[in-house]
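The values are calculated or read from the model by the stated rules, or taken from the named source; none is laboratory data. From a predicted model like this one, the values you see are computed outputs, not experimental measurements. As a convention, Cβ positions derive from the backbone with ideal geometry for all residues, glycine included, and neighbour counts pool all protein chains shown. All accessible areas refer to the heavy atoms of the entire protein, side chains included, with ligands and DNA or RNA removed. Shrake-Rupley method; radii C 1.70, N 1.55, O 1.52, S 1.80 Å.
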Amino acid sequence: MTMANSLSIRDNRSGKEIELPIIEGTEGPGVLDFTKFYKEFGLFTLDPGFRSTASCKSDITFIDGDKGILLYRGYPIEQLAENSTYLEVCYLLLKGELPNQDQCGEFTKTITKHTMVHEQMLNFYRGYRRDAHPMAIMVGVVGALSSFYHDSLEIDDPRHREISAYRLLAKLPTIAALSYKYSKGQPFIYPDNSLSYSANFLNMLLSVPCQPSEISPVMVKAMDLILMLHADHEQNASTSTVRLAGSSKANPFAAISAGIGALWGPAHGGANEAVLSMLQEIGSVDRIGTFVERAKDPNDSFRLMGFGHRVYKNYDPRARILKKAAHEVLADRDRLDDPLFKIALELERIAQEDEYFKSRKLYPNVDFYSGIIQSAIGIPTNMFTVIFSVARTIGWISQWVEMISEKGQAIGRPRQLYTGHKKRDYVPLAQRKIL
Ligand code: CMC
């Protein structure tokens, strides 16, 4: 981080001038340091969607949205997807470097050791309606972890933070699979520590006690890839939520539970579920035109789900990797003629040739093809966002650890532009006019 330059701002009301330092990072645009702005000018800055505002410094993930580049700790996502595994990437995100062989083995052993949840937790599930959305269960059960692990809630203790990180990473697949099994009315499947992280997750989701599960290596690899590609994405809505909740020194389970809530929305993690519903609603290739016209109509709230991104103004690199993986998984499942995949490919082609999407730089995002892969491996639509939350947990916890470890870490407390009533006096009930 360097402070190479500055920018002058002049207040035309008073003629006062201030130099704002420009801080340069290692990649991407620098930032204007506004910390003294209010003190100098008595003004706040207003940027509701954070379109021009960096909320923190971070060493973890870098995105160049114009070029379609995504780096985890400096490593391009394409190289990680080609050569690495989800657990290795988790180590990288959490600790800053790729593990050597011994570190990788030790980390895998530790995470595997923590996969079970307290038996008492199973009672929580039985309190939910069977038709509850699994994300509703996730928000509750992950928050409830804090009532079981009092021994690791000292957030200022680095060892406590590490244990909480391990517990979250290890238990999230189990918690997610339990939420699915409960909604299906099927028996809970316990973790099998002889399996890899992703194979175990699929086994807990898809197997039943009365017959062996048919989980192919291609399915396991696809799940691992989906987890890896969703692992972190710098300061998105859910990660910012985790940071803000955590900045009050709330425990990590509470902060991650807040993040799961933020992820649920269809503009964020809920989009993968919405993509599949949209493809089903389109139904056939000849109906695509109608939906594209609707997406372009300013008087229609319909949007092409899985298209567009706040940061990417180019093809989302994760979508490119998943498009290729979709071919492999559908071939493995003998479903290359999958009608939804055909609609998706054609929809992408039509939208990419359309001036509306071209001029607004709207490309497929990570959610566009991930649902097709997940449904091909037997995961139901309402679990897509849950899988996203399992994958993103390592990003959330790494960002939380980074924030809490920072010297001088302060509570996040945005200000506002107040547009309500000016001060006025209370009117007793009997004297209020009928409006
Ligand atoms: N379909 C049709 N038009 C769109 C779409 C879309 N999917 N996305 C953006 N636009 C239009 C939008 O109407 C606006 O047009 P105009 O300039 O005429 O008003 C222009 O493009 C800019 O859109 P915006 O709403 O200002 O962009 P944003 O950065 O605030 O929103 C977004 C980003 C992801 C919320 C949005 O593109 C969207 O709603 N996409 C569909 C939902 C989706 O796929 N979300 C997943 C995002 S990636 C995974 C994740 O973050 O979890």
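Annotations for the structure displayed:
- Largest to smallest in accessible area, the residues TYR180, TYR125 fall in the order TYR180, TYR125 (1.4 Å probe, all protein chains included).
- Normalised by 2.2 N^0.38 Å, where N is the number of residues, the C-alpha radius of gyration of segment 161-307 stands at 1.28.
- Accessible carbon and sulfur surface of the chain relative to its total accessible area, %, 1.4 Å: 52
- Highest average first, the peptides 130-142, 31-43 ordered by how many other beta carbon atoms sit within 10 Å of their residues are 130-142, 31-43.
- Its Cα gyration tensor gives segment 81-150 an equivalent ellipsoid; the semi-axes, largest first and in whole Å, are 32, 15, 10.
- Straight-line cross-link reach from LYS113 at under 28 Å between alpha-carbon atoms covers these lysines, not counting any fewer than eight positions away in the same chain: LYS95, LYS171, LYS181, LYS184, LYS221, LYS249.
- Distance-filtered residues of segment 243-282 - backbone nitrogen under 14 Å, label point 7 angstrom along ASP354 Cα→Cβ: 279, 282
- Label-point separation in nm, PHE302 to ASN193, each point 7 Å along Cα→Cβ: 5.2
- Looking at the chain, the accessible area is 52 square angstrom per residue; that uses a 1.4 Å probe and ignores ligands, DNA and RNA.
- Segments 45-57, 165-177, 339-351 sorted - mean Cβ within 10 Å per residue, highest first: 165-177, 339-351, 45-57
- In this label model, ASP66 and LYS113 are separated by 4.9 nm, measuring between points 7 Å along each Cα→Cβ vector.
- Sorted largest first, extent of the chain alpha carbons per principal axis (Å): 77, 64, 58
- Principal axis box of segment 106-229, alpha-carbon based, largest edge first, Å: 45, 36, 25
- Inter-site label distance for HIS327 and GLU106 at 7 Å from Cα along Cβ, in nm: 4.2
- At full extension, ALA132 and GLU24 could sit 34.2 nm farther apart than now, given 0.36 nm per residue minus the alpha carbon distance.
- In the chain, the longest principal axis of the Cα atoms and the axis of helix 101-113 are about 80 degrees apart.
- Rounded to whole Hz, the Karplus (6.51, -1.76, 1.60) HN-Hα couplings of segment 133-143, x for glycine and proline: 5, x, 5, 5, 5, 4, 4, x, 6, 5, x
- 3J(HN,Hα) along segment 69-76, derived from phi through the Karplus expression 6.51 cos²θ - 1.76 cosθ + 1.60 where θ = phi - 60°, amounts to 10, 10, 10, 9, 6, x, 8, x Hz, with x in place of Gly and Pro.
- Helix 217-229 axis versus longest C-alpha principal axis of the chain: approximately 0°, rounded to the nearest ten.
- Calculated FRET value between GLN416 and VAL311, using beta carbons and R₀ = 22 Å, to 0.05: 0.35
- Ranked order, TRP396, TRP264 - accessible area, probe 1.4 Å, largest first: TRP264, TRP396
- Amide H contacts of PHE307 (H built 1.01 Å from N, in plane; Pro and chain starts excluded): ASN365 sit under 5 Å, all sequence-distant by 5 or more or on other chains.
- Angle between the chain longest axis and helix 317-332 axis [Cα atoms, degrees, rounded to 10]: 10
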